[in-house]
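A quick write-up on the structure given underneath.
Read the figures in this text as sums done on the coordinates, not as results from a lab. The structure presented is a predicted model; accordingly, all values stated were derived computationally and were not measured. Virtual Cβ from ideal backbone geometry, glycine too; neighbours counted across all protein chains shown.
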Amino acid sequence: MYIPLKHIMFYWKTFFVQILICFSLSTVFAQEMQYGLRFYSYDYEPEQRTSLRLSSDYLSFPNGFSMRFDAKFHFKEKHTYGYIFRIVDEKQRNINLLLGERNISFFSSMDSLIFTKPLIDINLLPDQWIPIRLNVDTKNEELTIFIGESSHKWTLPEIRDFKKVDIVFGKSNEFIDVPAMTVKDLQFDDMQGNPLYLWKLAEYTEQGVYDELKKRFAKVENPDWVLDKNVTWEKEITFTTPRNPYITFDSHQNRIAIAGSNFFYHYSLSGNQLKKQEVSRAFPYQIYANQMIYNSLDKNYYVYNLVEEENGQEFAKYDSIKHLWDEMTPHSNYSDYWHHNRYFSPTLNRLFLFGGYGQHKYKKGVYIYDVDAGEWSKQNLKGDVIKPRYLSGLGVIDQDNVLLFGGFGSSTGNQDLFPQHYYDAYIVNLTTLESKKLWTLETPAENFVVSNSLVIDTIHNCFYALCWSLTKYNTSIQLYKFSIDKPQYEVLANPIPFGFKDNRSYIDLFFDSAKNSLIAVAYSAVDEETTSVSIYSLVFPPLKKSDLYQSKKQYLWIFIVSTAAGFILLSLAFFFFYWKKRKPVNSKTNEPIAGINTVKRLQKQAILFFGGFQVIDKEGIDVTSEFKPLLKSLFLLVFLNTIKNGKGISFVKLKDILWFDKTEESANNNRGVAMNKIRQIFERVGEVQFGKQGQYWSLELGNNIYCDYYEALILIRKIKEESCCNLDDIKRLLQIVSIGELLPNTQTEWVDQFKSDFSNEIIDLLLQLVQQKDVQFTDEIYIKIANVLLIHDPLNEDALKLKCSILVKMGKNGLAKNTYTTFIKEYQTWFGTKYKYSFEQIMAQQ
């Protein structure tokens, strides 16, 4: 489905949040998805090694082919030997690419060793992608191999018979030697460079993978799909410690620190190594509920103990050079702040603690430790009230602001007075100590609490949290992704089994920027004196299990039939709605008023969508400026949905989009005020009526108001239904849609869907018209069709070929070349790579 790339989807709900996100010092998350097929190699039994067979029968290439792919080789000290690929013709002759310990070799059964190169000469490095391409030119009897920047060409007469071939990567029926490698983006082109097949090796099915172009199935045995690592948590390590260790993440050295009374662990995420250090001076007080932080200013670790009684707050440093803790008077004060949230601000050199639980009470407010002054203080937050709670999550937006979400507590703070789960989110400014509420989720079907830390991605306006049930011991930890802008979330990745024991358990989430992974740390008590600590990693960005799977070929026909049926039903519904709209209004029965008049009235009483939103009144005056952002959004939401489904949009959806932060009563009041303002504007334009049926709001325009978008939809459907083309209808449609894109300056997710749907529909129709054999248009109409295609899909290759060929036919070679030059510049800008066809190749394809 075509979606114009310049339609950048973003959300914004309040000025505060937008400004905050724009100027935040955000963590940069690598979003490029890692994918491919990794091959099980020598360290697996032969029957467990990986095979990729591109077809159950021979692939047919009458004039030869070009095969290209990216490969990554995972070298070990030994056993690098194996077949990268093997190509066999109908006479069982073969050509092979073989990886050895020091060389890569290309050979055939016709001519023994053809080509061998030391790995160092072709810059083939461990775990680095390298492009490989093979050209099999059967017509000219030429064979060419490209490995990285190295290439070699031979004349091989027998290659003319390689028109039908069997191609296998990895283990084959004849050979079991498989190199440790990963392969992706396996593409076949004809000798003119036209794509034939593309196996990306990203999404897959149970038995293999379909190519992206023709749905050709390739069978895979014993696969190790790279994309699985974005769904399945990988356990890095599990080990035991004495009870309730303290845990923190040192992002500077990319390691997790775990501390207890007589030991200090470091787990290196880069080296996957656990180091245990016995401490010279023991922990200054018993380990209870509180936590540890890493101070990047002095590169030391600190722990603290927080008790409500006077002088019950303590702060101690761990010297990582001398391996000892500060000397303090030991005590056994029991903590009052289990499962609180903490953040150490390097810019302020202060520790901030939020919430917690102890002595049957949930906590509120904030404790602050000033490292420079060596003093504790307790402060109340200003702004929106955050009710007492524990087991909430905290994430860092920037050096001045943090986000708090969720938890369990009560409005009074007392454990025995109506405790409940919270699903609200707040931004807290650390300088002013002012909190700003963002939103509250609807209570989910299954309640959950969240990890101590949140991972915030301000680039994409979202945050991640580990969630689990507070009320079960045998539970599971599940990764959730929440929007910062509005109360919505999705569940990602596979769950992690976990035994939750309240104050004898702890769960945290970190982001490892070096390996571009999320890191989960969880511990739970084994017995009274022992705790089991586990560390997991998940490749970023995380995905749902369903994101891994392709549609199976055998279900393709179902998709086609259901799509066709859906289109027919949609068309019938559209026309039913259209004729229904043309009936006169009956105020007693609330029947729709007359439909939109499709007579051309561009100068007066018009609503224009193409080239930009515009409203013209009865006097021909542009009143668009009176549609403030909220009024414009409300009008478009109701009107576009009324045209789409005949019944409009539900109030629930309206509230979620326009008044997500309001109560239902407040949202109703705002909706009523906004609709009245729209009616007042339309008193100068023409008749308008908002209708309500059940929970749905619709918008009807009088037949004295013209709408270009509505007329375009009518013309599209009329042209599709006609057995022969009505040239006047086609010309009129081209005239309307050649003005520009649909609502180009309105960029929100819900509008983009309408724009995408319309672009798909107009593009499909025009390409069908061009391809009809029994219809010939004038050159001018062909040029208009090409121009419209390029408006709604700037990188449409069919439009490029059509326009260039017609211009050349008309003798306008310079304009044709300018059209091509503009296209390839746009292509380079969007994709960062050169367009694959020259102007001459484009013309030769016509």
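A few comments on the model shown:
- Using the alpha-carbon positions of the range 359-411, Rg (one decimal) and Dmax (whole number) come out as 12.7, 35 Å.
- Cross-link pairs beyond the 19 Å C-alpha cut-off, checked among LYS91/LYS164; LYS486/LYS653; LYS117/LYS836; LYS644/LYS731: LYS117/LYS836; LYS644/LYS731
- Residue order, fewest to most beta carbons within 10 Å, for THR50, THR116: THR116, THR50
- Calculated FRET efficiency for the pair ASP298/THR530, C-beta based, R₀ 22 Å, to 0.05: 0.10
- Between ASP127 and LYS219, the contour length at 0.36 nm per residue exceeds the alpha carbon distance by 30.6 nm.
- Placing a pseudo-label 7 Å from each Cα along the Cα-to-Cβ vector at ASN668 and GLN192 gives an inter-label distance of 6.6 nm.
- Extending 7 Å from the Cα toward the beta-carbon at both ALA373 and THR833 defines two label points whose distance is 5.9 nm.
- FRET E, pair ASP774, ASN645, Förster distance 25 Å, beta-carbon r, rounded to 0.05: 0.10
- Per the Kirkwood formula applied to alpha carbons, the range 746-844 shows a radius of gyration over Rh ratio, Rg over Rh, of 1.00.
- The alpha carbon centroids of the range 39-101 and the range 175-223 are separated by 11 Å.
- At R0 = 51 Å, FRET efficiency that the Cβ-Cβ distance of SER251 and LYS164 yields, to 0.05: 0.35
- Distance in nm between pseudo-label sites at THR116 and GLU174 (7 Å out along the Cβ direction from Cα): 1.9 nm
- Net length gained if the chain between LEU433 and ASP319 were fully extended (0.36 nm per residue, minus Cα distance): 37.9 nm
- Of the peptides 58-64, 371-377, 771-777, 681-687, the ranking by mean beta-carbon count within 10 Å, highest at the top, reads 681-687, 58-64, 371-377, 771-777.
- Principal axis box of the range 234-548, alpha-carbon based, largest edge first, Å: 50, 43, 38
- Separation between Cα centres of the range 656-698 and the range 712-734, rounded to whole Å: 34 Å
- The chain: antiparallel DSSP beta bridges as a percent of all, rounded to 5: 95 percent
- Estimated [θ] at 222 nm from DSSP helical runs (n ≥ 4, -39500 (n - 2.57)) normalised by residues in the chain, nearest 500: -7000 deg cm²/dmol
- Looking at the chain, the pairs of alpha carbons with a distance over 49 Å make up 38% of the total.
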